[in-house]
Amino acid sequence: MDLTTSDAKAAARMLRADLAERQITISHSAALETVAHQLGYRDWNTAGASLGEPRADAAGLGTPVPILRVQRFEDARDFYLGYLGLHIEWEHRFEPGMPLYVRLSRGDMCLDLSEHHGDGTPGSSVWIPVADVGALHEELEQKDYPSVRPGVEQDAPGGRP
């Protein structure tokens, strides 16, 4: 049986739940790292890239994950987590004090934020398909986030018809 990243993530969730029953708390990223090690991988990034997901496409092409450059993730945390409602799937640093690399997701959408110089291109745009742009717009309007006034362009791709 070929394991997928979904299988490994399920194992990490089960590990956290089992440990929680024993009053041992670990982060989701620590559980992912542990599962990756148990599967023989150096770290979760390597496991995630190697395991993949089964695809109908014979070449195994998956959904692209945009990488956006941030100077400091702590400065961007409230925007991505609080305002946009994304959650952290995992975080990685090669060692303490090194730049942070973070995978964020919400629903089927995920993107990576990197503090590494050279990752991402400043000024890049990412177009994310949204099933109900009206519902997302309403959700964002309800949040008080400084300097952001979301709008929906009527004639833009993916905008309201």
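Read-outs throughout are calculated quantities, based only on the coordinates presented, and are distinct from any laboratory measurement. The shown structure was predicted, so the numbers you read here are calculated from the model rather than taken from an experiment. A quick note on method: Cβ atoms are made from the backbone with ideal geometry, for glycine too, and the neighbour counts reach across all protein chains shown.
So the values come out like this:
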| read-out | value |
| --- | --- |
| Residue-averaged [θ]222 nm for the chain, counting only DSSP H segments that reach four residues, each worth -39500 (n - 2.57) | -9000 deg cm²/dmol |
| Rg ratio (alpha-carbon, reference 2.2 N^0.38 Å) - segment 72-128 | 1.13 |
| Candidates 86, 140, 32: whichever shows maximal mean-square fluctuation once the chain is modelled as a Gaussian network with Cα springs under 10 Å | 140 |
| Excluding exposed DSSP-loop trypsin sites (Lys or Arg not before Pro) (at most 14 other C-beta within 10 Å), longest clean stretch of the chain | 94-142 |
| Option label - Cα Rg over 2.2 N^0.38 Å computed here, alternatives (i) 1.40; (ii) 1.11; (iii) 1.18 | (iii) |
| Relative contact order computed over segment 1-156 (Cα-Cα under 8 Å; 6+ residues apart), in percent | 17 percent |
| Percentage, to the nearest whole number, of Cα pairs in segment 1-53 over 16 Å apart | 35 percent |
